[in-house]
Amino acid sequence: MNTRLLIAIILIVLGGIGGNVLRYTEVAPDRPADFGLIPNAYNGYVGTEQFFSDATYDVLKADLTTFRDFTGSDGSRVGLFAAYFSSQKYGSQIHSPKHCLPGGGWRIDDIHPYQLHLPGGITKEVNRSVISNRNSGAVMLYWFETRSGAIRSEYGLKLDLVKNSLLFRPTDAAIIRLTVNAPGGNVDLATRQAESFLQAFYPSIQNALPF
C-alpha cells in the first residue's frame with residue numbers, strides 16, 4: 001500500500017474517533033444557572049417578568065431564561081434578557097440577535113464593538129446595536145458568556161465551543177442582552193442608561209451564572 005495513502009487512512013480514522021469522542025463526551029457544569037439571584041427590585045429599578053410564546057421557547061431551546069422589563073426611578077426602561085444553555089453540542093446552540101431581530105420585525109441600523117465598564121474594574125467588549133421598527137428606535141447591548149469569559153462575536157463563540165470540547169470542559173454558555181428605548185434617536189443617552197443599569201445589576205447577573 002502506498003505510504004501516503006496509508007497515512008491518509010490513519011488520519012481519517014483518527015479524526016473520526018476524535019470527532020466521536022468530542023461529540024459524545026459531555027462534562028456537566030458544576031452547578032446550574034439560577035436567574036432567581038437577579039433581584040426584581042434594586043437601586044431604584046423595579047422589574048416584572050415577561051414571557052414568550054411556547055413556540056418561541058421551543059425554537060430557543062435554552063435550559064433557563066429570564067426576560068424582564070425594568071423601570072428606573074427616573075422613568076427609564078430597560079429590557080433584560082438572559083438565556084443559559086447547559087450544553088451547546090446537541091442542537092441547543094445560542095441564537096444570535098442578528099438572526100432573531102429581523103424575524104421579530106426589527107431592523108439593525110448599526111452594530112459596532114463597544115467597551116463596557118462594569119463594577120470591580122471589569123471591562124468587556126460587547127456589541128452595541130442600534131435597532132428600529134416602524135414606531136421606535138432602541139439601543140441593544142449584547143454579548144455571550146462562557147467559561148472563557150465574555151465573547152462578542154458569533155464566530156468567536158463557535159471557536160470557544162471547539163476549544164472547551166478539546167479541553168474536556170463544560171460547553172455551557174449564556175447570552176446577555178439589554179434593550180433601552182432611544183427616543184429621538186438619542187443613542188448616547190440610551191447607552192448611558194444601559195450602563196447605569198449594569199453598574200447595579202451586573203454582579204447579580206454574574207452570580208447567577210455558573211462560570
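The values are calculated or read from the model by the stated rules, or taken from the named source; none is laboratory data. A quick note: this is a predicted structure, and the numbers were derived from the prediction, not measured. Note that each Cβ is placed from the backbone with ideal geometry, even for glycine, and that neighbours are counted across all protein chains shown.
Here the range 128-164 is the region considered, the condition is being closer than 15 Å to G79 by Cα and aromatic (F, W, Y), and the residue that is surrounded by the most Cβ atoms within 10 Å (Cβ to Cβ) is W143. Looking only at residues in the range 51-98 that are at pLDDT 95 or above and not hydrophobic (A, V, I, L, M, F, W, C), the one that is surrounded by the most Cβ atoms within 10 Å (Cβ to Cβ) is Y84. Each residue in the range 171-195 was checked for being among the acidic types (D, E) and either under 20 Å from the mean Cα position of the chain (by Cα) or assigned to a strand (DSSP E or B) (or both), and 2 pass. Just one of the listed residues (L141, L161, L157) is at pLDDT 95 or above and either out of contact with any Gly (no Cβ under 6 Å at 6 or more places or on another chain) or assigned to a strand (DSSP E or B) (or both), and it is L141.
Does S132 fit the bill of being under 13 Å from A182 (Cβ atoms) and not β-branched (V, I, T)? So S132 fits the description; yes.
Scanning the range 99-121 for residues that are under 20 Å from F201 (Cβ atoms) and at pLDDT below 90 yields P119, G120, G121. Cβ-Cβ contacts under 6 Å between residues 6 or more apart (or on different chains), taken from a first residue in the range 46-60 that is more than 13 Å from G104 (Cβ to Cβ) to a second residue that is in a strand (DSSP E or B) and among the polar types (S, T, N, Q), are listed as V46/T71. Residue selection: L167 satisfies the criterion of being without any contact (Cβ under 8 Å) to a residue 12 or more places away in the chain and either surrounded by fewer than 19 Cβ atoms within 10 Å (Cβ to Cβ) or under 22 Å from I205 (Cα atoms) (or both).
The rows are residues; the columns are (1) free of Cβ contacts under 8 Å to residues at least 40 places away in the same chain; (2) within 16 Å of the chain's Cα centre (by Cα).
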| residue | (1), (2) |
| --- | --- |
| A82 | no, yes |
| S96 | no, yes |
| C100 | yes, yes |
| W106 | yes, no |
| I111 | yes, yes |
| Y114 | no, yes |
| S136 | no, no |
| Y142 | no, yes |
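Scan the range 196-210 and give yes if some residue there is assigned to a loop (DSSP other than H, G, I, E, B) and either in contact with a His (Cβ under 7 Å, 6 or more places away or on another chain) or of a type in the set (D, E, K, R) (or both), otherwise no. Checked against the condition, which is being assigned to a loop (DSSP other than H, G, I, E, B) and either in contact with a His (Cβ under 7 Å, 6 or more places away or on another chain) or of a type in the set (D, E, K, R) (or both), the range 196-210 yields no hits at all.
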